[in-house]
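Report on the structure given below.
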């Protein structure tokens, strides 16, 4: 059969643009014994994919020019030569950026029966939700009564981190890039919201939002956000470093904060983490998250682009702040 | 009696200079019951004192203009109205920067009987030695077979950290600011030494010295040293942040490293610490260190200035790299 993929056409310099991507028609092979044909229903675009577009050593291999891109996706088995994966089975996997593909069973995980839309497994019940949970529980060890600051607070990870923070009994301060997002975040119960784009002095805004100081900073942004957080951390504060989206499109190195001596003065602990290192706890996470969802304690926000051909725009939109909650492409 | 103190005369801007200090004659009061008169024998100058000369909130209160400075010192009781502190007792305390002083017993700790010069209790057996030990054992958890990088490696803390690293079974890489210091460090058994002042590319020099990557960075310097270390850390590396001497005399904020995203890529842990938080382990430390000294496994290096009037020059010399090992003033 003939289907469509999106390939990396050229490496972006700075903010990615449409020319870096190419929609390609490909012919799929016949199924061999044990294989299945999957039709993708949803695919995820995530900020970390920008890092894979750079040709460098990292925790995950870079994308190669001319190759199909990869990323989290949800698909349905529409043809099967594997007894364990019947036609109709919903599967989660890393073969996003394509409409259909042929696969052995090994890279596919059948979705559990849940009352939620399968797309949740790309967001709140998937990698971004697990990232928020891991950062707060396993890296920063957030405790009830503490003050949590989350940057990119209306993003896929940030919006879950904010809500988990509230459920864990913390005061939560979030920063976002528009008044609309700020309103949405307040509606989720976040205590203090800063629109960093309309704030002259992020440092002062944070001091006003958290005069008691910050115990835990969930870092998604870097740059000025990190600098302001360092100035406002309490002694023995913890920073879980999940991302630094402000720098992902830098074409030349941007200097870091000038106030790193705060690490000594305040005896801070800063830890970078990758959610895949903690995947053995995914079952524990889905159990907790599933219960909170069932109880209506976590609200799910998604921004959806339709059609594979619009996946590049969805991806580029991540860096333009176009998403509230999880950015998804419906195929 | 009349004696001499050194007062903070003005707050330094940038590198401290002689005018920031003032030698003052003071008249000491008669001893009250329970008090002793102490004659100082040795006083310590340490980089952290520069921070106390800035009027800001930190882990220790700032020095006040017109007040006598403070710092670690060793003295001898020469007059006593306290039965527990006989004349002749050697004491360690924080009343440096003065020739004599009157004190109650409370701020004084009698030195244990040791075969070493009392000055060791301001260096290898005192705060700097304990800082090195704490950073490696309690913060970075250095293990045998790992690679340790120490900046300011010939300083009071660094020279002990290097030797402890070797005793703990690590490969040790040190950076220093002169060829003479480099030779001295090699003589202590340090595996690889970088003279950062004669190196064009610290990053490349570190990659050459530790091609296997760095497990633990003992951070004393900040700036370019931190940037080079981040680039050369292994996955899951640990950075114990003890000091950032490169920035202590900055008159305006100096931007931090541009490569902080390495914290995520390599899943690093960075922790600032203050030795006083770990002082309950001082007994454990002195027992270990005393044994290593007795066995000749730790070599002690000191740079000594003579006379209270030269204490400001000794202090300023810390930032000019004038010391090998512990910088001391003999009174």
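Shown for residue A:41: label points 7 Å from Cα along the beta-carbon vector, and their distances to the equivalent points in the other copies, 8.1 nm in ascending order. Axis of helix A:156-167 versus longest Cα principal axis of chain A: the two differ by about 50°, to the nearest ten degrees. Ordering of A:34-43, A:2-11 by packing is A:34-43, A:2-11, highest average first (other Cβ atoms within 10 Å, averaged per residue). Shape call for segment A:1-134 from the C-alpha gyration tensor, a ≥ b ≥ c root eigenvalues: rounded (a/c under 1.5), prolate (a/b greater than b/c) or oblate? Because a/c hits 1.5 or more and a/b fails to exceed b/c, segment A:1-134 counts as oblate.
Taking only Cα atoms and a 10 Å spring cutoff, compute GNM fluctuations for chain A and point out the largest among A:297, A:252, A:197. Among A:297, A:252, A:197, the largest mean-square fluctuation in the Gaussian network model of chain A belongs to A:252. Panel values: segment A:104-212, Kirkwood radius from alpha carbon pairs, Stokes-Einstein at 25 °C and 0.890 mPa s, translational diffusion coefficient 164 µm²/s. Across peptide B:268-279, the mean count of Cβ atoms from other chains lying within 10 Å of each residue's own Cβ comes to 5. Take each residue in B:237-249, count the other chain C-beta atoms within 10 Å of its C-beta, and the mean is 2.
Given R0 = 45 Å, the distance between the Cβ atoms of residue A:236 and residue A:30 translates into a calculated FRET efficiency of 0.15. Every Cα-Cα pair of chain A was included, and the share exceeding 36 Å stands at 20 percent. For segment B:54-109, list log₁₀ I(q)/I(0) at each q in 0.12, 0.19 Å⁻¹, using the Debye formula over Cα point scatterers of equal strength and ignoring solvent, two decimals each. Debye output, listed in q order: -0.35, -0.72. For residue A:17, the point set 7 Å out from Cα toward Cβ sits 5.3 nm from its twins in the other copies, listed from shortest up.
What separates the residue A:1 label point from its copies, with the point 7 Å along Cα to Cβ, is 9.7 nm, written shortest first. One compactness figure for segment A:257-304 is 1.83, namely its Cα radius of gyration divided by 2.2 N^0.38 Å.
Protection proxy ranking of B:148-160, A:276-288, by the mean of other Cβ atoms within 10 Å over each peptide's residues and highest first, is B:148-160, A:276-288.
With the convex hull drawn over the C-alpha atoms of the protein assembly as shown, the volume per residue is 172 Å³.
Looking at segment B:67-223 alone, DSSP beta bridges between its own residues are antiparallel in about 35 percent of cases.
If you take the alpha carbon atoms of segment A:2-66 and fit the smallest convex hull around them, that volume is 131 Å³ per residue. Relative to the longest principal axis of the C-alpha atoms of chain B, give the angle of the C-alpha long axis of helix B:282-294, reported between 0 and 90° and rounded to the nearest 10°. In chain B, helix B:282-294 runs at an angle near 80 degrees to the longest axis. Taking the Kirkwood radius as the inverse of the mean 1/r across Cα pairs, report the Rg/Rh of segment B:96-168. Ratio value, two decimals: 1.09. Under the criterion of Cα pairs below 8 Å and six or more residues apart, the relative contact order for chain A equals 18 percent.
Just to be sure I understand: of the beta bridges DSSP finds with both ends in chain B, what percent are antiparallel, rounded to 5? It would help to have the intermediate numbers written out before the result.
Working: 29 of 56 bridges.
Restricted to chain B, the bridges split so that about 50 percent are antiparallel.
Protection proxy ranking, highest mean first, for peptides B:203-210, B:165-172: B:165-172, B:203-210, where packing is the per-residue count of other beta-carbon atoms within 10 Å, averaged. What share of the DSSP beta bridges in the protein assembly as shown is antiparallel, in percent to the nearest 5? That works out to approximately 55 percent antiparallel. One compactness figure for segment A:127-276 is 0.94, namely its Cα radius of gyration divided by 2.2 N^0.38 Å. Label sites at residue B:310 and residue A:199, each approximated as a point 7 angstrom past Cα along Cα to Cβ, lie 5.3 nm apart. Residue by residue along A:217-226, Cβ atoms of other protein chains within 10 Å of the local Cβ number 1 on average. FRET efficiency for the residue B:9 to residue A:17 pair, using the beta carbon distance and R₀ = 51 Å, is estimated at 0.30.
A short reminder: the numbers here are calculations on the coordinates, not readings from a lab. Not measured: the values here are computed from a predicted model. Backbone-built Cβ (ideal geometry, glycine too); neighbour counts: all protein chains shown.
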